[in-house]
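Trainee: Sharing a structure with you now.
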Amino acid sequence: MIYSRIMGTGSYLPENIVTNKDLEKIMDTNDQWIQDRTGIKQRHMAAEGETTVDMVEQAALRAIEASGIDAAEIDMIILGTTTPDLIFPSSACLLQERLGLPGIAAFDLNAACTSFVYSISVADQFIKSGMAKKILVCGAETLSRALDYEDRTTAVLFADGAGAIVLEASEEPGILSTHIHADGRYAHLLGADVGVSRGFKDSNNGGLKILMNGREVFKMAVRTLGQIVDETLAANNLEKSDIDWLIPHQANLRIIMATAKKLNMPMEKVIVTVDKHGNTSAASVALALDEGVRSGRVKRGDTILLEAFGGGFTWGSALIKY
Ligand code: UT7
């Protein structure tokens, strides 16, 4: 049996840190509300001109270095993002050029905040089928470009960053299962109302801004993530106690705590980065995974559960023997 094993992880956060106090100065919000309702204390924002590809290049180089392979061995790049540098070519192609890997397959995958988990799932199918041996899987966003500082319900949440992993075909267990879902009936609850085909607006960044019904998204996220935890455990015939680490999408500490409770997991077994990173959408699980690994908490042989929920709605999980 062929498994996809994580060989190395990497991440990158822009230098510029924006605290809740900084936001208090430019909009009608306060540190107490943001911390109480979301768990966020600060977030990183890309410098002017710094793009998704700039950030993911650094994350990818770190993941490749950690994996100990030669970059030339990579035979596919999948980049999960909702905020590509350009409409086309894909940011994966721009990244491929930066890494000097002409000829290998490269494509973006947009499943909003679930993009990285979806990308892992797609990569796993290519590896299990024998179509690819080593895949660079990334999640990266510059959501700061899609913020509307007139809307305090979203502007305090989203932020920038990038993460990457190298997956390799192996006989040793790695990814045990992935589960991905979508329900387009809820598209109106979380998204942006501009685009190529519908058109852009004559305002900042073409009118690109995140529109979210936070309360409804919150309820659905808690319910759906609870269900996917059950689905993942059942598919692998595992008990809740078999999971060593929960590595969740970092949208809101309250959502993360609800999922941990569902798993009977103490918060010490959950990798939390939302306090420092905010919600980096496609990058968030990748960043949290790298933090878990580099801090020495996630160790070889641990069973880790990755999960995410986002616009679409989309949701998914990956159960992995690290
Ligand atoms: O990553 C993709 C998935 N996204 C998510 O999972 C996000 C899910 N949603 C959430 O995390 C939460 O719903 C939010 C953090 C977005 C909002 O928290 P909430 O507890 O649902 O607050 P709310 O929207 O119900 O608003 C409560 C109050 C309102 O005031 P009133 O109407 O009660 O007077 C808001 O106007 O809090 C007010 N409020 C704020 N106050 C200070 C909303 N945003 C802010 C703010 N600062 N930034």
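The values are calculated or read from the model by the stated rules, or taken from the named source; none is laboratory data. As the structure is a computational prediction, the values presented were derived from the model and not from experiment. When we count neighbours, we look across all protein chains shown, and the Cβ atoms used for this are built from the backbone with ideal geometry, even at glycine. The area values use the complete protein model at the heavy-atom level, side chains included, leaving out ligands, DNA and RNA. Shrake-Rupley method; radii C 1.70, N 1.55, O 1.52, S 1.80 Å.
Trainee: Quick one: which residue in Ala235, Ala282 is touching a helix residue (DSSP H, G or I) at 6+ places or on another chain (Cβ under 7 Å), in contact (Cβ under 8 Å) with a residue 12 or more places away in the chain and either of a type in the set (Gly, Ala, Ser) or open to solvent by 10 Å² or more (accessible area, probe 1.4 Å) (or both)?
Mentor: Ala282
Trainee: Please enumerate the residues belonging to the range 90-124 that are more than 15 Å from the chain's Cα centre (by Cα), of a type in the set (S, T, N, Q) and open to solvent by less than 20 Å² (accessible area, probe 1.4 Å).
Mentor: Selection gives Ser91 alone.
Trainee: Right, something else. Step by step: first the residues of the range 32-59, then only those that are without any contact (Cβ under 8 Å) to a residue 12 or more places away in the chain and among the acidic types (Asp, Glu), then the one that is farthest from Asp148 (Cα to Cα). Which residue is that?
Mentor: Step by step, filter the range 32-59, then rank; the result is Asp54.
Trainee: Could you check how many residues of the range 261-276 are open to solvent by less than 10 Å² (accessible area, probe 1.4 Å), within 15 Å of the ligand (Cβ to nearest atom) and either more than 26 Å from Asn110 (Cα to Cα) or part of a helix (DSSP H, G or I) (or both)?
Mentor: Number satisfying all stated conditions: 1.
Trainee: With the condition kept exactly as written, say whether any residue in the range 247-256 is open to solvent by 70 Å² or more (accessible area, probe 1.4 Å) and more than 10 Å from the ligand (Cβ to nearest atom).
Mentor: Scanning the range 247-256 turns up no residue that is open to solvent by 70 Å² or more (accessible area, probe 1.4 Å) and more than 10 Å from the ligand (Cβ to nearest atom).
Trainee: Out of curiosity, is Leu190 open to solvent by less than 30 Å² (accessible area, probe 1.4 Å), in the same structural domain as Arg300 (by TED's automatic domain parsing) and either touching an Asp or Glu at 6+ places or on another chain (Cβ under 9 Å) or within 25 Å of Ile320 (Cα to Cα) (or both)?
Mentor: It is true that Leu190 is open to solvent by less than 30 Å² (accessible area, probe 1.4 Å), in the same structural domain as Arg300 (by TED's automatic domain parsing) and either touching an Asp or Glu at 6+ places or on another chain (Cβ under 9 Å) or within 25 Å of Ile320 (Cα to Cα) (or both).
Trainee: Across the range 279-308, which residue is farthest from the chain's Cα centre (by Cα) among those that are among the β-branched types (Val, Ile, Thr) and within 16 Å of the ligand (Cβ to nearest atom)?
Mentor: Thr280
Trainee: Go through (1) over 28 Å from Glu24 (Cβ atoms); (2) in the same structural domain as Ala235 (by TED's automatic domain parsing); (3) not in a loop (DSSP other than H, G, I, E, B) one by one and return the number of the condition Asn205 breaks.
Mentor: For Asn205, the failing item is (1).
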